[in-house]
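A short worksheet on the structure shown next.
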Amino acid sequence: MKYTEDHEWLRAEGDEIVVGITRHASEQLGDVVFIELPEEGREVEAGEEIVVIESVKAASDITAPVAGVITAVNGDLADNPGNVNDDPMAAWFFRIKPAGDGVLDGFMDEAAYSDLIG
């Protein structure tokens, strides 16, 4: 498991990366009421805003952590956005097939992420 400074978690599964938000991010957002996911097959660049997440407190964008192609989205979140609050580590947003190899090397491990959030 790897983490971004934007409070996303990244889990490698085969040649894809599963992406969601951390518990810290879900707690900061509060009750999530709406999620707009990207389309499967969409090519994205690293840093591109691809998910909109709205809560009772704020609206936020989730960016693609790496360049690649969206291979799957968690359609259940559109109907049940509160799943992000219930278990953010299980409520993944999308799967992406990265454009290159070794793309997770530059992200934080759990210890570094824990230091980041204090």
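The values are calculated or read from the model by the stated rules, or taken from the named source; none is laboratory data. The structure presented is a predicted model; accordingly, all values stated were derived computationally and were not measured. When we count neighbours, we look across all protein chains shown, and the Cβ atoms used for this are built from the backbone with ideal geometry, even at glycine. Side chains are part of the model used for accessible areas, which takes the heavy atoms of the whole protein and leaves out ligands, DNA and RNA. Shrake-Rupley method; radii C 1.70, N 1.55, O 1.52, S 1.80 Å.
Of the accessible area of the chain, with the probe set at 1.4 angstrom, what percent is carbon plus sulfur? Looking at the chain in its full context, I get 43 percent from C and S. Across the options Val19, Gly47, Pro65, the greatest Cα extent toward the positive end of the charge dipole of the stretch 1-116 (unit charges at beta carbon of Lys, Arg, Asp, Glu) belongs to Val19.
Taking the Cβ of Ala12 as the centre, find all other residues whose Cβ is under 15 Å away and add up their charges (Lys, Arg: +1; Asp, Glu: -1). Don't skip to the answer; put the middle values down first.
On the way: positive: Lys2, Arg11, Arg95, Lys97; negative: Glu8, Glu13, Asp15, Glu16, Asp101, Asp105, Asp109, Glu110.
Computed value for this residue: -4.
Counted by Cβ distance under 10 Å from Ile53, the other residues give a net charge of -3, where Lys and Arg count +1 and Asp and Glu count -1. Each part reduced to its alpha carbon centroid, the stretch 52-100 and the stretch 20-45 end up 3 Å apart.
Which trypsin sites (Lys or Arg not before Pro) does the stretch 34-101 hold that lie in a coil by DSSP with at most 15 other beta carbons within 10 Å? Kindly include the intermediate steps, with their values, before the conclusion.
Working: sites: Arg42, Lys57, Arg95; in loops: Arg42, Lys57.
Hits after loop and neighbour filter: Lys57.
Summarising the label geometry, the points placed 7 Å from Cα in the beta-carbon direction at Met89 and Gln28 lie 1.9 nm from one another. Per-residue ellipticity at 222 nm computed for the chain from its helices equals -4500 deg cm²/dmol, with DSSP H segments shorter than 4 residues left out and the rest contributing -39,500 (n - 2.57).
May I ask you to give the solvent-accessible area per residue for the chain, in square angstrom, as obtained with a 1.4 angstrom probe?
Numbers: 6150 Å² over 118 residues.
I get 52 Å² per residue for the chain.
Looking at the square roots a ≥ b ≥ c of the eigenvalues of the Cα gyration tensor of the stretch 17-99, which shape do they give, rounded for a/c under 1.5, prolate if a/b is larger than b/c, or oblate? Since a/c reaches 1.5 and a/b is larger than b/c, the shape of the stretch 17-99 is classed as prolate. Each Lys or Arg adds one and each Asp or Glu subtracts one; over the other residues with Cβ under 11 Å from the Cβ of Ile35, this totals -4.
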